[in-house]
Amino acid sequence: MECKVAKTAGFCGGVKKAFLMVQEEFKTKPENGRILIFGSLVHNENVMKIINGMGIVKIDSLNEVGSGDIVIITAHGAGRKVFEEIERRGATSFNATCPKVSMVQDCAKKYYEKGFEIIIFGNREHKEVRGINGWCENKARIIPDFKEVAALINEIRAKKIKKPILLISQTTQNIEKFERIKKMIHAAIKEAGGKIEIIDTICRATFVRQKEAFVIAKEMDAVIVIGGRSSSNTKQLWKIAKDQNPNTIWIEDPSEVKSDENKEFLRRAKSIGIISGASTSPDDINMVRKMIESSD
Ligand code: SF4
C-alpha cells in the first residue's frame with residue numbers, strides 16, 4: 001500500500017519552540033514553588049502526557065496559583081490581565097506564546113489604543129482569540145462565521161460603526177474564508193465611506209499545511225488526519241480534506257488506527273495520505289505510518 005506523509009505533518013515552528021523551551025527550562029524542578037501550566041501547552045493529549053510526566057501541573061483557573069509558583073503561558077498566548085494576576089499572586093510567568101501570536105496581540109493592542117474597532121475572524125471560545133482580545137480590553141468584536149459577517153456588514157452600511165476598523169484573524173483560520181470575508185467587509189466599508197486596515201494574520205505554516213492537505217486528499221485513496229479533537233487547525237484540515245475526499249478520517253491517538261471500523265477503512269484503500277495538526281508530535285505520526293505499512 002502506498003503511504004504518503006505530508007511534508008508539513010508534525011509540530012509547527014511555534015509549538016516546537018514552546019515545547020523545547022518548556023523541556024529545556026524545566027529539566028530540573030525549582031526548589032520552591034510549583035511549575036504550573038495555564039491550560040494545555042498545545043491541543044494534544046499525548047503531548048500533555050509528556051508535560052505532566054515532567055511534574056508540570058495543568059491548571060484551568062488562576063485561583064490555583066500561589067506565591068512562588070511558576071506559571072507557563074502556552075503557545076496560544078493569554079491576555080494582559082492574566083500576566084498581571086499571576087504577578088499579583090506572587091508567582092512568575094514563563095511566556096511560551098508563539099511569536100506569531102504575540103505579533104497579532106501587538107497589532108490588536110496598538111490599533112485599539114489608536115481608537116480602532118478591532119474585528120477578529122475566529123472562534124470566540126478559542127484560547128488564542130481570548131488572549132488577543134485580552135490585549136484590547138476584551139472589546140474586540142469576534143466574527144466566527146458568515147452570519148456574523150453579514151450582521152457586521154449591515155451595521156457598516158447603516159453607518160452604526162463610527163470608528164475605523166482593524167480586521168485580523170485567528171492564526172489558524174481557513175485562508176479562503178478569510179479572503180472572502182476581507183473582500184466583503186472591505187467593499188461595505190468603501191461603500192459607506194469608512195476606514196479599514198486589514199492585516200493578514202493567518203500563519204504561513206497554517207496556509208502551507210492547508211494547501212498540502214488539499215493536494216494529498218485529491219491524490220490519495222484515503223486520508224488520515226491526526227490531531228487533538230479540540231485543535232482548531234486540525235478541524236480546518238479535516239474539513240479541507242473531507243471536502244476533497246470523503247474517505248477521510250480524523251484520529252486523535254495512533255491506537256485508533258486499530259479500531260474495527262478503521263481497520264476496514266484501511267483494508268479498502270490502495271493509497272493513504274497522512275496529515276496532521278500543528279500540535280501533533282512526530283512520534284504519533286511515525287507510529288501511524290508504521291501501523292499502516294505493516295497492515296499490508
Ligand atoms: S500555527 Fe503558526 S501561529 Fe500557531 S503556534 Fe504554530 S507557528 Fe504559531
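The values are calculated or read from the model by the stated rules, or taken from the named source; none is laboratory data. Source: prediction; values computed, not measured. Because the Cβ atoms are built from the backbone with ideal geometry, glycine has one as well, and the counts that use them run over all protein chains shown. Only protein heavy atoms, including side chains, enter the accessible area calculation; ligands, DNA and RNA are left aside. Shrake-Rupley method; radii C 1.70, N 1.55, O 1.52, S 1.80 Å.
Of everything listed in (1) assigned to a helix (DSSP H, G or I); (2) under 28 Å from K239 (Cβ atoms); (3) more than 16 Å from the ligand (Cβ to nearest atom), the single unmet condition for Y112 is (2). Looking only at the range 249-287, residues that are polar (S, T, N, Q) and within 16 Å of the ligand (Cβ to nearest atom) come to 4 in all. Among the residues of the range 176-205, those that are of a type outside the set (A, V, I, L, M, F, W, C), within 24 Å of G277 (Cβ to Cβ) and either in contact (Cβ under 8 Å) with a residue 40 or more places away in the chain or within 16 Å of the ligand (Cβ to nearest atom) (or both) comprise K177, D200, T201, R204. Against the conditions (1) within 16 Å of the ligand (Cβ to nearest atom); (2) assigned to a helix (DSSP H, G or I); (3) open to solvent by 30 Å² or more (accessible area, probe 1.4 Å), F11 satisfies every one except (2). In the set (1) away from the ligand (no atom under 16 Å from the Cβ); (2) assigned to a loop (DSSP other than H, G, I, E, B); (3) touching a strand residue (DSSP E or B) at 6+ places or on another chain (Cβ under 7 Å), the condition left unmet by G90 is number (3).
In the range 166-175, which residues are in contact (Cβ under 8 Å) with a residue 40 or more places away in the chain and either farther than 23 Å from K109 by Cα or surrounded by fewer than 22 Cβ atoms within 10 Å (Cβ to Cβ) (or both)?
N174
Applying the set (1) more than 19 Å from E212 (Cβ to Cβ); (2) within 16 Å of the ligand (Cβ to nearest atom); (3) surrounded by 14 or more Cβ atoms within 10 Å (Cβ to Cβ) to A6 leaves exactly one unmet item: (1). Annotation note: Cβ proximity below 7 Å between a residue of the range 87-113 that is free of Cβ contacts under 8 Å to residues at least 60 places away in the same chain and a residue that is away from the ligand (no atom under 16 Å from the Cβ) and polar (S, T, N, Q) (sequence gap 6+ or interchain) occurs for R89/S67; G90/S67; A91/S67.
Taking the numbered list (1) over 26 Å from W238 (Cα atoms); (2) in a helix (DSSP H, G or I); (3) open to solvent by 40 Å² or more (accessible area, probe 1.4 Å) in turn, I189 passes all entries but (3).
Listed by first and then second residue, the pairs with beta-carbon distance under 9 Å, at least 6 apart or on different chains, first residue in the range 48-68 and at pLDDT 95 or above, second assigned to a helix (DSSP H, G or I), are L62/V82; L62/E85; L62/I86; V65/E85; V65/I86. When K195 is tested against (1) closer than 28 Å to K147 by Cα; (2) buried (at least 20 other Cβ atoms within 10 Å of the Cβ); (3) modelled with pLDDT of 95 or more, just one condition goes unmet, and that condition is (2). In the range 144-158, is there at least one residue being within 16 Å of the ligand (Cβ to nearest atom), open to solvent by less than 60 Å² (accessible area, probe 1.4 Å) and either within 30 Å of I56 (Cα to Cα) or of a type in the set (D, E) (or both)? Within the range 144-158, none of the residues are within 16 Å of the ligand (Cβ to nearest atom), open to solvent by less than 60 Å² (accessible area, probe 1.4 Å) and either within 30 Å of I56 (Cα to Cα) or of a type in the set (D, E) (or both). Those strands (runs of 3 or more DSSP E) of the range 194-279 in which at least 3 residues are farther than 30 Å from P164 by Cβ and not assigned by TED's automatic domain parsing to the domain that holds T172, considering only elements entirely within it, cover 222-226, 248-251, 271-276. Contact annotation: no residue pair with Cβ atoms under 7 Å, 6 or more positions apart or on different chains, pairs a residue in the range 255-274 that is more than 26 Å from K211 (Cα to Cα) with a partner that is of a type in the set (S, T, Y) and in a helix (DSSP H, G or I). Which ones in the range 40-69 are buried (at least 19 other Cβ atoms within 10 Å of the Cβ) and either of a type in the set (S, T, Y) or under 16 Å from F94 (Cα atoms) (or both)? Hits for the range 40-69 are S40, L41, V42, I51, I56, V65, D69.
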